[in-house]
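Colleague: Provided herewith is a single structure, encoded as structure tokens, for subsequent inquiry.
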Amino acid sequence: YAKVSGRNQYQFFSKDMNRKAKSRLELEGRMRRALANQEFVVFYQPKVSADRDAIVGAEALIRWMDPERGMVPPGEFIPVAEESGQIEPIGTWVLRQSCIQNRLWQEAGFNPIKVSVNVSARQFRSPSLLQTVTEVLDSTGLDPKWLELEITESMLMNDVDTAVRKMKALRDLGIGLSIDDFGTGYSSLSYLGRFPITTLKIDRAFIADVDTNPKTAEIARAIIGLSRGLNLEVVAEGAEIAEHIMFLRNNGCDTVQGFYYSRPVPADEFERMMGQRVMAHA
Ligand code: C2E
Ligand code: MG
Ligand code: MG
Ligand code: MG
């Protein structure tokens, strides 16, 4: 009996794995078609200056409008694209799209803003990243100072020397570099001074309870102080309520991003917000 049930169990797992591999392959195929069929869209979420309530930047966030399943959040397909390697063409598309859009906004006469594009671990490791960014800046004609790449701490810690060299080369193009989700990855305080970054983004886990948890508030204050000390722009992500905004403003945070002002929106909606002089509460 033990043998039989053992074999059944084996068959059960094997079927399950088969099913998973199959649905993974299907997702990869759909993603390949999605890029060709222009099912991906870039949404933009405003970054607002804490003291002036003006839009100073936008984070580009990919969306997949799957004709069958509706909008698929990036959390569901970016990790698969990362594993399969499809993140490279998809990421390059997001970068190009964001630079084209930002250039269009500038030509339309809006106050220039910085657009921030997320770069995944695989893109950052890729030997062609520098060339891709160079080519996209060249072909879109966007002044590099209006582009920023968001990377995460964990991408930098495997091989710090190589990461620093790569970051320097990117900075030499004239673009900004931001550490995203700061405080949630490896704590790399000892390396922070070595990274040629321009911006720290406080993870939204810290922002969520700055108004209710004194310890979290102290940590957020420390990150803001650290950024100022290192001469970095500090951006808070995930600001959802007036209390968050008040805290960030009172504690010297430069830039605020979150549902309080706006969710990520399509380009035309973002443009409408830029047309207003100050950002209103969403
Ligand atoms: P992220 O780079 O940390 O982006 C911020 C995420 O927080 C976005 O989720 C945004 O919608 C969400 N967010 C912003 N404000 C608030 C708020 O006030 N409250 C809450 N609860 N959430 C807020 P989204 O768009 O679902 O993206 C999730 C993650 O997917 C991103 O995290 C990023 O890691 C990845 N991602 C998105 N677009 C791209 C892309 O084009 N390329 C790459 N490589 N990754 C991307
Ligand atoms: Mg980001
Ligand atoms: Mg983030
Ligand atoms: Mg994140």
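Colleague: Restricting to the stretch 140-165, what's the tally of residues that are open to solvent by 20 Å² or more (accessible area, probe 1.4 Å), in contact (Cβ under 8 Å) with a residue 24 or more places away in the chain and either in a loop (DSSP other than H, G, I, E, B) or of a type in the set (Gly, Ala, Ser) (or both)?
Modeller: Here the count works out to 3.
Colleague: Restricting to the stretch 238-270, give me the number of residues that are in a helix (DSSP H, G or I) and open to solvent by less than 70 Å² (accessible area, probe 1.4 Å).
Modeller: Total meeting the criteria: 7.
Colleague: If you check Ile62, Ile55, Ile100, which single one turns out to be at pLDDT 95 or above, more than 17 Å from Glu150 (Cβ to Cβ), β-branched (Val, Ile, Thr) and crowded, with 21+ Cβ neighbours inside 10 Å?
Modeller: The conditions single out Ile55.
Colleague: Scan the stretch 210-225 and report the pairs whose first residue is farther than 15 Å from Leu189 by Cβ and whose second residue is among the charged types (D, E, K, R), with Cβ atoms within less than 7 Å and a gap of 6+ or a chain change.
Modeller: The qualifying pairs are Asp211/Glu243; Thr216/Asp209.
Colleague: Could you tell me whether the stretch 184-199 includes any residue that is surrounded by fewer than 19 Cβ atoms within 10 Å (Cβ to Cβ) and of a type in the set (A, V, I, L, M)?
Modeller: Yes: the stretch 184-199 contains one or more residues that are surrounded by fewer than 19 Cβ atoms within 10 Å (Cβ to Cβ) and of a type in the set (A, V, I, L, M).
Colleague: Val235 fails exactly one of the following numbered conditions: (1) surrounded by 20 or more Cβ atoms within 10 Å (Cβ to Cβ); (2) away from ligand 4 (no atom under 16 Å from the Cβ). What is the number of that condition?
Modeller: Single failed check for Val235: (2).
Colleague: Any chance the stretch 41-54 includes a residue that's away from ligand 4 (no atom under 16 Å from the Cβ), in contact with a Lys or Arg (Cβ under 6 Å, 6 or more places away or on another chain), under 18 Å from Val278 (Cα atoms) and of a type in the set (A, V, I, L, M, F, W, C)?
Modeller: yes
Colleague: Still on this structure, please answer the following. Can you tell me which of (1) assigned to a strand (DSSP E or B); (2) out of contact with any Asp or Glu (no Cβ under 9 Å at 6 or more places or on another chain); (3) within 16 Å of ligand 3 (Cβ to nearest atom) is the one Glu59 doesn't meet?
Modeller: (2)
Colleague: A further question on this structure: Restricting attention to the stretch 65-84, report how many residues are assigned to a loop (DSSP other than H, G, I, E, B) and modelled with pLDDT of 95 or more.
Modeller: Within the stretch 65-84, residues that are assigned to a loop (DSSP other than H, G, I, E, B) and modelled with pLDDT of 95 or more number 0.
Colleague: Among the residues of the stretch 65-97, write down those that are β-branched (Val, Ile, Thr), near ligand 1 (Cβ under 9 Å from one of its atoms) and open to solvent by 10 Å² or more (accessible area, probe 1.4 Å). Don't jump to the end; show me each part of the working.
Modeller: Going through the stretch 65-97, the residues β-branched (Val, Ile, Thr) turn out to be 72, 78, 80, 87, 90, 92, 94.
Retained after the next criterion (residues that are near ligand 1 (Cβ under 9 Å from one of its atoms)): 78, 87, 90, 94.
Answer for the stretch 65-97, where residues must be β-branched (Val, Ile, Thr), near ligand 1 (Cβ under 9 Å from one of its atoms) and open to solvent by 10 Å² or more (accessible area, probe 1.4 Å): Ile78, Val94.
Colleague: Something else about it: Which number in (1) surrounded by fewer than 18 Cβ atoms within 10 Å (Cβ to Cβ); (2) farther than 20 Å from Pro266 by Cβ marks the one condition that Ala108 misses?
Modeller: (2)
Colleague: Could you please find all residues in the stretch 175-193 being within 11 Å of ligand 3 (Cβ to nearest atom), touching a helix residue (DSSP H, G or I) at 6+ places or on another chain (Cβ under 7 Å) and modelled with pLDDT of 90 or more?
Modeller: Answer for the stretch 175-193, where residues must be within 11 Å of ligand 3 (Cβ to nearest atom), touching a helix residue (DSSP H, G or I) at 6+ places or on another chain (Cβ under 7 Å) and modelled with pLDDT of 90 or more: just Phe182.
Colleague: Within the stretch 238-275, can you find the residues that are within 16 Å of ligand 4 (Cβ to nearest atom) and either under 30 Å from Gly109 (Cβ atoms) or among the β-branched types (Val, Ile, Thr) (or both)?
Modeller: Ala239, Gln257, Gly258, Phe259, Arg263, Pro264
Colleague: A follow-up question, please. Give the number of residues within the stretch 166-192 that are under 15 Å from Val234 (Cα atoms) and either over 15 Å from the mean Cα position of the chain (by Cα) or free of Cβ contacts under 8 Å to residues at least 60 places away in the same chain (or both).
Modeller: Of the residues in that region, 6 qualify.
Colleague: Has the stretch 243-255 got any residue that is without any contact (Cβ under 8 Å) to a residue 60 or more places away in the chain and within 16 Å of ligand 3 (Cβ to nearest atom)?
Modeller: yes
Colleague: Name the residue that is nearest to Ala60 (Cα to Cα), counting only residues in the stretch 252-271 that are out of contact with any helix residue (DSSP H, G or I) (no Cβ under 8 Å at 6 or more places or on another chain) and of a type in the set (A, V, I, L, M, F, W, C).
Modeller: Phe270
Colleague: Right, another one. Run down Ile224, Ile179, Ile207 and say which single residue is open to solvent by less than 10 Å² (accessible area, probe 1.4 Å), within 16 Å of ligand 2 (Cβ to nearest atom) and assigned to a helix (DSSP H, G or I).
Modeller: On the way: Ile224 fails: within 16 Å of ligand 2 (Cβ to nearest atom); Ile179 fails: assigned to a helix (DSSP H, G or I).
Every option except Ile207 fails the conditions.
The values are calculated or read from the model by the stated rules, or taken from the named source; none is laboratory data. Note that the structure is a prediction, hence the values are computed from the model and not measured. We place every Cβ from the backbone using ideal geometry, glycine too, and count neighbours over all the protein chains shown. Accessible surface is based on the protein model in full, side chains and every heavy atom, while ligands, DNA and RNA are left aside. Shrake-Rupley method; radii C 1.70, N 1.55, O 1.52, S 1.80 Å.
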